[in-house]
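Peer 1: Below is the structure I would like to discuss, written out as structure tokens.
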Amino acid sequence: MDPFDSTVTETQSYDKPEKGAENTATRLPWARFSSWLECVCVVTFDLELGQAIELVYPHDVKLTEKEKTSICYLSFPDSYSGCLGDTQFSFRVRQSIGQKGCWFREDDAYNRDAPGTLQREPAHYYGYVYFRQVKDGSVKRGYFQKSLVLVSRLPYVNLFQSLLKLIAPEYFEKLEPCLEAVCNEIDQWPLPVPGQTLNLPIMGVVMQVRIPSKYDKPGGSPLKQSHRENLLPAPVVLPTVHELDLFKCFQSVLIHIQMLWELMLLGEPVVVMAPSPTVSSETVLALVSSISPLRYCCDHRPYFTIHDSEFKEYTSRTQAPPNVILGVTNPFFIKTFQHWSHIIRLGDLKMSGDLPKQIKVKKLAKLKTLDTKPGVYTAYKTFLHKDKALIKRLLKGIQRKRPSEVQSAILRRHLLELTQSFIIPLERYLASLMPLQKSVTPWKTPPQIRPFSQEEFMVTLDHAGPQLTSVLKGDWIGLYRRFFRSPNFDGWYRLRHREMTQKLECLHLEVICEADLLDWIKDKSEVEIVDLVLKLREKLTKARRQQLPVKEDILEKLERYIQMVIGSLPEDLQAVLRRH
């Protein structure tokens, strides 16, 4: 009998990482800094060059020319925004192909334990911008214009924008020495470990944050002041590293929240036209977060300009609009995106009495090139009915002067429960595709996960559908059918299938360690025993390389078994196997 009846063997040995390896990594120059930020850029306006990067810190960070150009143009509001004073916003830009990643591999310990929505971006950078434009008679144009930009792979919008509020005003006064001191302080921060509460000292202030973990209960309470430590100065507690004020972002579209959630769930192409980069970026990020804990698997650009390297790709009329959300401020885009199916035109917030005026759904044909009025321009018909009780509750909250953070918590809870009601039947069906634990035996390759059948899933909805957890009526089946054609389903299924495959691998490792290997090899030939050793080594290598969620003592036990099996062979074979 061929153990694991597999045809592939791997002879390479695996050096088990030492426990101090992480500590060694963090002692490398700028390693701790790199776990939070890629770099800090200063972008200024040059009379001859236009927008230009004045400074990149640390100095040895290598950005490509394409990346530098993108950061330059995305770090300034366009001229239509008329932003005087200080403005904060965010952007997201594609990383150049072939660029070397940061110190931490994509499948590092952080990504393994972070929620899917907060994992490090392998192919994009986030830019967090603090832009200042003030009158200055000493400058030819009459204005001081400069942006401080934090570039990171982490979608921690609240943390980094809060950090900019502390460091940017100081930087504009004291310039490079101040920036160098700030970067050195960040390089002393602990690593962002999911599940941990961290104290982050910066410029005489200590920011206290909790890094979310995928093991957190969805919708759990935000971080509160820790009383166990007597820190001086007392820390500034950030309740969240990533969540925005959802209510503020959606207050003019509250009556359309159901439609917007469906458009995000289905990965539909959407353009958000806003009066400023701040409103544009916050609205796009709020839309993306509306389907959390489901990961939004399409592209999204919180702030997008005509200078963007993907401008031609995303505005081509020769093919259907891509699955992307774009946040824009330039009125030119109204003409460019007339062929897109869903356009959200936001204006400055207007009040109707003491309530924010709600923008209306309008036909796409009414989208004019000039002076387009605020509205949701779409022909989309929702699959589910509106939750009128939610809208009534939120509007009543405004009249009663309920704090914005409480309104946001109500809205976030509603969206979370809606997403969970949609996802739970899929999770339940997916679990039924997993082989039974008793079918995993030591001497055979683990059984395959059954393929996902859309029709088989649909049958389960009669007795185990969203109606068990949601009061919303409507065409849930139609919504699922449309979801199956979206990139979000593909991303969700791939992730869950990989996790299930890893679970099977872990179960297989456990049953191998419980088996009597020495008894099995008694009547086996040397060829079969060598084959067993190679296959056990392959499994051990794979478990460590893929960082499978298996206990270390299981892997150590397997290592001992391999040595015992090798010890049963003739000395010449032992020498060969130990050498390789």
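Peer 1: Within the bounds of region 374-395, is there any residue that is free of Cβ contacts under 8 Å to residues at least 60 places away in the same chain, open to solvent by 40 Å² or more (accessible area, probe 1.4 Å) and not in a helix (DSSP H, G or I)?
Peer 2: Yes - at least one qualifying residue is present in region 374-395.
Peer 1: Among the residues of region 274-324, which ones are in contact with a Cys (Cβ under 7 Å, 6 or more places away or on another chain) and either buried (at least 22 other Cβ atoms within 10 Å of the Cβ) or among the acidic types (Asp, Glu) (or both)?
Peer 2: GLU282, THR283, ALA286
Peer 1: Continuing with this model, one more query. Only helices (runs of 4 or more DSSP H) wholly contained in region 507-580 count here; list those with 2 or more residues that are among the acidic types (Asp, Glu) and under 40 Å from the mean Cα position of the chain (by Cα).
Peer 2: Details: elements: 517-520, 526-545, 552-567, 571-579.
Per the criteria, 552-567.
Peer 1: Condition first: in contact with a helix residue (DSSP H, G or I) (Cβ under 8 Å, 6 or more places away or on another chain), part of a loop (DSSP other than H, G, I, E, B) and not aromatic (Phe, Trp, Tyr). Now tell me which residues in region 276-307 satisfy that.
Peer 2: SER290, ILE291, SER292, PRO293, LEU294, ARG295, CYS297, CYS298, PRO302, THR305, ILE306, HIS307
Peer 1: What is the residue count in region 331-358 for residues that are open to solvent by 20 Å² or more (accessible area, probe 1.4 Å), outside any helix (DSSP H, G or I) and under 23 Å from SER90 (Cβ atoms)?
Peer 2: Number of matching residues: 5.
Peer 1: Taking region 411-434, which residues are touching a helix residue (DSSP H, G or I) at 6+ places or on another chain (Cβ under 7 Å), touching a residue at least 40 places away in the same chain (Cβ under 8 Å) and surrounded by fewer than 18 Cβ atoms within 10 Å (Cβ to Cβ)?
Peer 2: MET434
Peer 1: Of all the strands (runs of 3 or more DSSP E) wholly in region 121-216, which have at least 1 residues that are aromatic (Phe, Trp, Tyr) and surrounded by 19 or more Cβ atoms within 10 Å (Cβ to Cβ)?
Peer 2: Those strands (runs of 3 or more DSSP E) span 124-135.
Peer 1: Condition test on SER568, is it polar (S, T, N, Q), open to solvent by 20 Å² or more (accessible area, probe 1.4 Å) and touching a residue at least 24 places away in the same chain (Cβ under 8 Å)?
Peer 2: Criteria met by SER568.
Peer 1: Among the candidates TYR296, TYR303, which residue alone is among the hydroxyl-bearing types (Ser, Thr, Tyr), within 21 Å of ARG345 (Cα to Cα) and either within 20 Å of the chain's Cα centre (by Cα) or modelled with pLDDT of 95 or more (or both)?
Peer 2: Criteria check complete, one pass: TYR303.
Residues checked against (1) of a type outside the set (Asp, Glu); (2) closer than 30 Å to PRO322 by Cβ; (3) open to solvent by 40 Å² or more (accessible area, probe 1.4 Å):
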site	(1), (2), (3)
ASP475	no, yes, yes
GLY478	yes, yes, no
SER486	yes, yes, no
LEU495	yes, yes, yes
HIS508	yes, no, no
ASP523	no, no, yes
LYS535	yes, no, no
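Peer 1: Can you name every residue in region 52-94 that is small (Gly, Ala, Ser) and either within 26 Å of GLU282 (Cβ to Cβ) or within 27 Å of the chain's Cα centre (by Cα) (or both)?
Peer 2: If we filter region 52-94 for residues that are small (Gly, Ala, Ser), which is where we start, we get 52, 70, 75, 79, 81-82, 85, 90.
Passing the criteria: SER70, SER75, SER79, SER81, GLY82, GLY85, SER90.
Peer 1: Of everything in region 435-456, what is more than 28 Å from the chain's Cα centre (by Cα) and surrounded by 13 or more Cβ atoms within 10 Å (Cβ to Cβ)? Give them in sequence order.
Peer 2: PRO435, VAL440, THR441, PRO442, TRP443, LYS444, THR445, PRO446, PRO447, GLU456
Peer 1: Of the residues in region 102-120, how many are at pLDDT below 85, among the charged types (D, E, K, R) and either touching a strand residue (DSSP E or B) at 6+ places or on another chain (Cβ under 8 Å) or open to solvent by less than 50 Å² (accessible area, probe 1.4 Å) (or both)?
Peer 2: The number of residues fulfilling the criteria is 1.
Peer 1: Next question. Taking the condition of being in contact with a strand residue (DSSP E or B) (Cβ under 6 Å, 6 or more places away or on another chain) and farther than 25 Å from GLU417 by Cβ, how many residues in region 463-510 meet it?
Peer 2: Selection size over region 463-510: 0.
Peer 1: Still on this structure: Out of region 29-47, which residues are open to solvent by 10 Å² or more (accessible area, probe 1.4 Å) and over 22 Å from the mean Cα position of the chain (by Cα)?
Peer 2: Listed by number, the residues that qualify are PRO29, TRP30, THR44, PHE45, ASP46, LEU47.
So that you can scan it fast, the table gives a plain yes or no per residue for (1) buried (at least 17 other Cβ atoms within 10 Å of the Cβ); (2) among the aliphatic types (A, V, I, L, M); (3) farther than 22 Å from CYS39 by Cβ; (4) modelled with pLDDT of 95 or more:
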{"site": "PRO218", "(1), (2), (3), (4)": "no, no, yes, no"}
{"site": "ILE255", "(1), (2), (3), (4)": "yes, yes, yes, no"}
{"site": "MET259", "(1), (2), (3), (4)": "yes, yes, yes, yes"}
{"site": "LEU265", "(1), (2), (3), (4)": "yes, yes, yes, yes"}
{"site": "VAL272", "(1), (2), (3), (4)": "yes, yes, yes, yes"}
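The values are calculated or read from the model by the stated rules, or taken from the named source; none is laboratory data. In this text, all values refer to a predicted model and were calculated from it rather than measured experimentally. A quick note on method: Cβ atoms are made from the backbone with ideal geometry, for glycine too, and the neighbour counts reach across all protein chains shown. Note: areas computed on protein heavy atoms with side chains; ligands, DNA, RNA excluded. Shrake-Rupley method; radii C 1.70, N 1.55, O 1.52, S 1.80 Å.
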